[in-house]
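Written below as structure tokens is the structure these notes are about.
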Amino acid sequence: MNIFDRMMLLDRRWVFLSLVIVCVVSYIIPFQIPIMVTDEVESIYDMIDTLPEGEIVLLAMDFDPSLLAELQPMTYAMAEHAFRKNLKVIFVTLSQNGPGMVDQAIREVADSVRLDRTYNGVFYKGKEIVNGEDYTFLGYKPYFALIILGMGQNFRIPFPSDYYGTALDSIPMMKGVLNYDQVACVVDICGGNVVDAWISYGQGRYNFKLALGMTGVMAADYYPYLNSGQVVGIMGGLLGAAEYEQLTDNAGLAKDGMRVQVFAHLLIILFILMGNIGYFMSQRDKRKLGR
Amino acid sequence: MRRQLPLALVFIFGVFMIVQYFVPHEYSEWVYEFLLDWITIIGIFALALGIYSLTHVSMGKIRNRTPNWQYAIVTMLGLFVMIYFGFTARTGDSWGLYFVALVALTLGISSLTWGAVETQASRRKIGFAAGLGLLAVFVLVAVFDPSWKFYFYTSEGLQSAMFRNFFDYIMIPIQSTMFSLLAFFIASAAYRAFRARNILATLLLASALIVMLRFNPFLGPVGEYIAQTANWLLNVPNLAAKRAIVIGIGLGIVATALKVILGIERGYMGRG
Amino acid sequence: MKYKLVVSFLLALLVAVPVVAQQDTTLADTSAAAMLPAPATMVQAKDADNDHGHAIDVTWELSADDGQGAGTVLSYEIYRSESPDGPFEQRGLVPSQKNSYTDIGSRDRESPDYFPDYIDFYYRVDAVAADSADRALSEVFGPVHSYGQWFNTGRIPVMVGVLIFAILTILFVTIAKKGRELYVRPLAGIDAVDDAIGRATEMGKPILYVLGLGTADQIATIASFTILGRVAKRVAEYHTKVIVPCYDPIVMTVAQEIVKSAYLDAGRPDEYSDDIVYFVTQSQFAYVAAVNGTMLRELPATNIYMGKFYAESLILAETGAVAGSIQISGTDEIAQIPFFIVACDYTLIGEELYAASAYLGREPVLLGSLKAQDYAKAAIIVLAIVGIVAANFGWTYFTELFQVVD
Amino acid sequence: MEFGTYLWTTFAAFVILATFSFLYKDNPFYKFAEHLVVGVSAGYFVIILWHNGLVPNLFHRLADGDWYLLWMNSSKPWYIIPAILGVLMWTRFSKKYSWVSRWPLAVYIGVGTGLAIPLEMSNRVNKQLYAAMAEIDWSNFWGSRFLDVSAGYSDIIIFVGAIAALIYFFFSKAHTGVFGGVATFGIWILMIGFGASFGYTVMARISLFINRIQYMDNYWVQTAFDTSNPNFHAGFQILFWLLVAVLILYIVREIMAHLKTKAQQG
């Protein structure tokens, strides 16, 4: 058996072992991988990054906890980015099982913002983000199309008080914030049909800047809105989240997951190539012998 | 009765189900829902046949001492214990003699079974005596221990601690691990089978490789083109292929189902 | 439940009003003062089509202030009453720009949401202003009642499809019965089945037949039963062993009957035992674990997978490859076909699984239906080509003939 | 985490490792896990079907009030029919009357096939045919970027590809001449589609394994060393190292056995 036959007829257990090693090692060691950034994610990043301090971002987390693994990383990346840039965030969820999830997300992002960090060469001092000053969580209400329309008139119509029961008027950051006109941009992260309402009822009627984050499978269907300019940018799945983390220079859940994925994929591709090289070379040897 | 009646039943119920699809009226809906319940209930009764088969095969292995017969005991214990947990629950926080009863019942049934299959008369006697004694212990505990109870008509058993533990720490871990073996098998299958032997194999291989490379960060500027090609492959040729297969399957299903209803295809019924 | 949500939303609106009123003057100026919007007009209601009753469709013309005009309308609220004078009960709520609503209730008499048929109702649609509880009441429409239909006209295309196809099938089966030779092209996977049985006999190893995770009323499983019948007969003739682990108890029952009959047909009823076809468990991956173990311990010469398969397809097929078995597969589960193609030696793609039972028997009656399938496919191709031309010339009346409305 | 819970978690870790060991070869640990899960899951389904199927779908309907009155005072006495059919399935236990079990089977299969015909016709044939009759985007025929999914030419490829692939499935015509050419194009489209699906699924499958690593890491490894846990004591680490020792012993044993056979061969 020469080297090419060996390349072709490797025991599959070597494949298994290599995969275990690659996955476990890239899971344990937090090294960095470069991520290719697409235009549609970069435009979302630019939109947030260029906002002046004190502006308000509306972050809608309209997904079920079942999609947590895919959509949570981008939520964290965007929220932390906004807080680091001293922007204010209004959280809202139009998914019935959303409130607990948003509450947890806010707490975990707050923990992370408390640390001193340097991103893209800029030093950000850790700070305590304060409910009512840096963020407000409006909570959940049913009939999402109506809520989206209602918030276009006045946030107080669907949400007279926030999730924790404080009246919106007694929340400092909401003073003078009436509707979408006082919000710099809206980001909808969703895994269902709520996004259609944000596009047609929200953006279509009130004409605000809208950015979308969605599952990888859904993303392809929304590119037409990107071309028509209704949507600023689209982030699809774990990959989109990893791109955002790449742009903010803040590696998190998405890049951790992608690191394992990238190397596992590379390993499989490597094995396929190896098998094919072995196959072609041994074919050639056979032909030579035949002659 | 043996052959014609079943064929007639298939025809009658089949035609009724086809017709009801076009009748939205609530009477039609009522019958439809009732018939679906029939299916569910027949399925549940049939599970008894399945459990009998599983028990029969496992017991056969144990009795004949076929290779790996010891593991059949594990299966039988798992089955028995899980059913027992599902019908019992604690009434308070204490376990009482719960496990004593379980062990007595398990050993009791085991020794009775042993006694029943054993050929030597003296051993049979021991088996029966021990079995009956242990069962008596079980009955005594079950009647006089107030810390746990049997629940058949209400579903306390589903929430009982041991039932949940077996589910959470045995069933779920093994099953998700079995599922995750796919990560390895998808790799080995790709390595073994993706060989550019002929044009079809090459197309399969190339398209899979492009899609796998769709988010590779080490490709530089080429990466974007690969990502777009992958996206196109997934949404254009893949959609065309799926549409053709779906239509073909649809026709195949309807044709086969028609043959079954009309009694042309009766292979599923066996003979005699 | 929904009713409660509506109530809570209304309460929220009530709370919001004073809140907005308390805003400082600069903000109050931006919001339109409490001005009554124009009402919705032309309110119509009729029984909802093609349903079991218990539902009424309400339509209206948008208020002049919805989107245009003062633009103050935020939503419409749909009210219903048993008399034109009230009292009216709120039944629904839709955002602005929508001009229809279907008032659906339960058909269950005991349900609090019960919607009686054949009772006259009156409807009213309120145009509700955005920033106040002020509303414009429409004219009341009625009486109207709901009732169930006996035929769903939206499903006519399906009925036509089933009828034409049934006629085609019966026609070709009749022709085939008369003894006309029907050509069918060879299928690699089918020819492999016979070879595989021969190979198993030579090697003195068993054949593993997996019926998949389908239930006995799924057509893929029924097709698989027929194939099992042929395989079992050959196996019995050759004195080879077949192993059939089952996932579903009813599938097991049917499979036992089939294999038993096959042994009878082959004249070897003594070699049959019920343990050839056995039940494992009804849990997907536990079943896979067991079948995997069987493969590595029994080392079957051939594994045949026919029927419904899900994620386990690749686990089974790769383990089979480890055991060195020849593998033949067929499924109509589209997501799993790629994995079978990659990991098995022969794969029946989708429809070919259904054709296989006819092929293996070479019975003219069964082959007749293949011919019917081919004609149906030809018809679909022609219709699709005409349809796409029609769609691009805007002849929607042609394409709409094919639209199924559920 | 309490010690009792950790004991169970360690057992879960053991059966997880036992299941993974199947990748290496069939071995006693895998056999144990396999046979255990078969028994436990079969028992689980007996209980689930009893409590969530038989009791609500049958018993509660047949006996609304006291169970011993059975269906005498039931509001839905007609549910006795499926109960009888179900019991008839059990005639299979008898050799003589097992043919009676064909009646319930016939009902079961009749309902299933009858249900399938219009549904499959509608969902797989009618709706796909209607979807194929789509308008082609002539205004954006060449697309706005490289291999644009929404471009007009992509619409045409989808249509032509689907027709060609459908032609591949013709059974009663030999694949020769022009017809054969189109059929060949059809199988190409099928293969490209299958390849793409395969490549796309890899990510989800790798995630499953990552998820397993996370489970072991978060619940088993980290708990063993989590001294901030108020219930923490040496038992946690003893359990942890015990399982690790078993694992190492097994690996060492396998390597020794392997070397031994190598030496005998060599």
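Output the relative contact order of region A:35-250, whole-number percent, from Cα pairs under 8 angstrom with separation of 6+ residues. So the answer I get is 29 percent. Note on chain B: with charges restricted to the Cβ of Lys and Arg (+1) and Asp and Glu (-1), its dipole about the Cα centre is near 1320 debye. The C-alpha atoms of region B:182-269 occupy a region whose extents along the principal axes are 62, 27, 26 Å, arranged from largest to smallest. How much of the DSSP beta bridge set in the protein assembly as shown is antiparallel, as a percent to the nearest 5? Roughly 45 percent of the DSSP beta bridges within the protein assembly as shown come out antiparallel.
Classification of region C:182-362 by its C-alpha gyration tensor yields a rounded form. The axis ratio a/c (a ≥ b ≥ c) stays under 1.5.
Mean sequence separation of contacting Cα pairs (under 8 Å, at least six apart), scaled by the length of chain D, corresponds to a relative contact order of 17 percent.
With θ taken as phi - 60° and the Karplus curve 6.51 cos²θ - 1.76 cosθ + 1.60 applied, the whole-hertz 3J(HN,Hα) list for region D:86-92 is x, 5, 4, 4, 6, 4, 5 Hz, x standing for glycine and proline.
Within chain D, the longest segment free of exposed loop sites, counting trypsin sites (Lys or Arg not before Pro) that fall outside DSSP classes H, G, I, E and B and have at most 16 other Cβ atoms within 10 Å, spans D:174-266. What the Cα convex hull of the protein assembly as shown gives, in volume per residue, is 228 Å³. For chain B, the longest principal axis of the C-alpha atoms and the axis of helix B:199-212 are separated by about 80°. Give the separation of the Cα centroids, region D:234-254 to region B:19-40, in Å. The distance from the Cα centre of region D:234-254 to that of region B:19-40 comes to 58 Å. Counting every other Cβ atom within 10 Å of each residue's Cβ, C:Arg268, C:Arg124 order from fewest to most as C:Arg268, C:Arg124. Under the rule that an exposed site lies in a DSSP loop and has at most 14 other Cβ atoms within 10 Å, name the longest stretch of chain A with no GluC sites (Glu not before Pro) of that kind, not counting the sites themselves. For GluC sites (Glu not before Pro) (loop position, at most 14 other Cβ atoms within 10 Å), the longest site-free span of chain A is A:134-291.
The mean number of partner chain beta-carbon atoms within 10 angstrom of a residue's beta-carbon across peptide C:398-406 is 4.
What the phi angles of region A:154-162 give under the Karplus curve with 6.51, -1.76 and 1.60, with θ = phi - 60°, is a coupling list of 6, 4, 6, 5, x, 10, x, 9, 7 Hz, glycine and proline written as x. Between 0 and 90 degrees, the angle of helix C:312-322 with respect to the longest Cα principal axis of chain C falls at about 20 degrees.
The residues packed around B:Ile264, meaning those with a beta-carbon under 10 Å from its beta-carbon, carry a net charge of +1 if Lys and Arg are +1 and Asp and Glu are -1.
One Cα centroid belongs to region B:217-238, the other to region C:74-90; the line between them spans 55 Å.
Which loop chymotrypsin sites (Phe, Trp or Tyr not before Pro) in region D:130-161, with loop taken from DSSP, have no more than 14 other Cβ atoms within 10 angstrom of their Cβ? Listed in order of number, the matching sites are D:Phe141, D:Trp142, D:Phe146. Between the amide H of C:Thr302 and those of C:Leu208, C:Ile326, distances stay under 5 Å, these residues lying 5 or more places away or on another chain, with hydrogens modeled in the peptide plane. Within chain C, the proportion of C-alpha pairs whose separation exceeds 41 Å stands at 47%.
Fewest neighbouring Cβ atoms within 10 Å first, the residues A:Arg84, A:Arg117 line up as A:Arg117, A:Arg84. The order of D:Tyr30, C:Tyr397, going from fewest to most other C-beta atoms within 10 Å of their C-beta, is C:Tyr397, D:Tyr30. Loop exposure criterion: trypsin sites (Lys or Arg not before Pro), DSSP state outside H, G, I, E and B, at most 11 other Cβ atoms within 10 Å. Applied to chain B, the longest stretch between such sites is B:66-272. In this simple spin-label approximation, D:Ile48 and B:Leu140 carry label points 7 Å from Cα along the Cα→Cβ vector, and these lie 3.9 nm apart.
Shape analysis of region A:35-250 based on the Cα gyration tensor places the equivalent ellipsoid semi-axes at 23, 22, 16 Å, largest first. Charge tally around A:Ile171: other residues with Cβ under 12 Å, Lys/Arg +1 each, Asp/Glu -1 each, net -1. Here the convex hull built on the C-alpha positions of chain B has a volume of 306 cubic angstrom per residue.
Would you be so kind as to identify which of C:Pro116, C:Leu187, C:Val322 lies farthest towards the positive end of the dipole of chain C, taking Lys and Arg as +1 and Asp and Glu as -1 on Cβ and the Cα centre as origin? Of C:Pro116, C:Leu187, C:Val322, it is C:Leu187.
Oblate is the label for region B:63-158. Its Cα gyration tensor axes, ordered a ≥ b ≥ c, give a/c of at least 1.5 and b/c at or above a/b. Qualifying trypsin sites (Lys or Arg not before Pro) in region C:362-406, where qualification requires a DSSP coil assignment and no more than 15 other C-beta atoms within 10 Å, comprise C:Arg362. Computed from phi, the 3J(HN,Hα) profile of region C:100-110 under the Karplus parametrisation 6.51, -1.76, 1.60 (θ = phi - 60°) reads 8, 7, 9, 8, 10, x, 7, 9, 8, 4, 7 Hz, with x in place of Gly and Pro. Computed from Cα atoms, the angle from the helix A:98-113 axis to the main principal axis of chain A rounds to 80 degrees. In chain C, helices alone account for a calculated mean residue ellipticity at 222 nm of -14500 deg cm²/dmol, with every DSSP H run of four or more residues adding -39,500 (n - 2.57). The distance separating the Cα centre of region C:144-178 from that of region D:70-121 comes to 27 Å.
When Lys and Arg each count +1 and Asp and Glu each count -1, what net charge do the other residues less than 11 Å away from C:Val43, Cβ to Cβ, add up to? Taking every Cβ under 11 Å from that of C:Val43, the sum is -2. Once backbone amide H atoms are built at 1.01 Å from N, C:Lys241 has C:Ile207 as its partners under 5 Å, excluding neighbours fewer than 5 places away on the same chain.
Only the coordinates and a few stated rules stand behind these numbers; no lab work does. Bear in mind that the values here come from a model prediction, so they are computed numbers and not experimental data. All Cβ positions, even for glycine, are placed from backbone atoms using ideal geometry, and neighbour counts span all protein chains on display.
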